[in-house]
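Trainee: Structure below; questions to follow.
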């Protein structure tokens, strides 16, 4: 029994003294390449998922804004009609509509031209 214990102790000491085989430099570089590729693929997948989530969020926000703009335009048209009718009591219906058309058309034309100029400047 004592002999078995001694042999076991010798074997344990011998195993501890023997170095473990190490991977070669080529294997380590291969592992590094594989892990780096997997990391980049994971990061790209994460970025795609985040962009998809943001796109969903922004598309729903854009829809809400579009509906709000549509209601705002309807309200502006109703106010414009009320203004034309109110001015019509003094000038008549046709001149009242022309006055409001010119008053709103002039700044609209200027803003439209300025926007086109900005697009042309930034696109070239």
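Trainee: Looking at the structure I just gave you, is residue 112 surrounded by 10 or more Cβ atoms within 10 Å (Cβ to Cβ), at pLDDT below 95 and touching a helix residue (DSSP H, G or I) at 6+ places or on another chain (Cβ under 6 Å)? Working first, answer last.
Mentor: Numbers: surrounded by 10 or more Cβ atoms within 10 Å (Cβ to Cβ): yes; at pLDDT below 95: yes; touching a helix residue (DSSP H, G or I) at 6+ places or on another chain (Cβ under 6 Å): no.
Here the answer is no, as residue 112 does not meet what is asked.
Trainee: Quick check, is residue 93 over 38 Å from the mean Cα position of the chain (by Cα) and modelled with pLDDT of 90 or more? Before you say what the answer is, go through the steps one by one.
Mentor: On the way: over 38 Å from the mean Cα position of the chain (by Cα): yes; modelled with pLDDT of 90 or more: yes.
So residue 93 passes the test.
Trainee: Taking the criterion of being within 35 Å of the chain's Cα centre (by Cα) and either modelled with pLDDT under 90 or not in a helix (DSSP H, G or I) (or both), would at least one residue in segment 61-78 satisfy it? Full working, then the answer.
Mentor: Looking only at segment 61-78, we keep the residues that are within 35 Å of the chain's Cα centre (by Cα), and these are 61-77.
Adding the requirement that they be either modelled with pLDDT under 90 or not in a helix (DSSP H, G or I) (or both) leaves 61.
There is at least one residue in segment 61-78 that is within 35 Å of the chain's Cα centre (by Cα) and either modelled with pLDDT under 90 or not in a helix (DSSP H, G or I) (or both).
The values are calculated or read from the model by the stated rules, or taken from the named source; none is laboratory data. Given the structure is predicted, the values throughout are model-derived calculations rather than measurements. Here the Cβ is made from the backbone with ideal geometry for all residues, glycine too, and neighbour counts use every protein chain on show.
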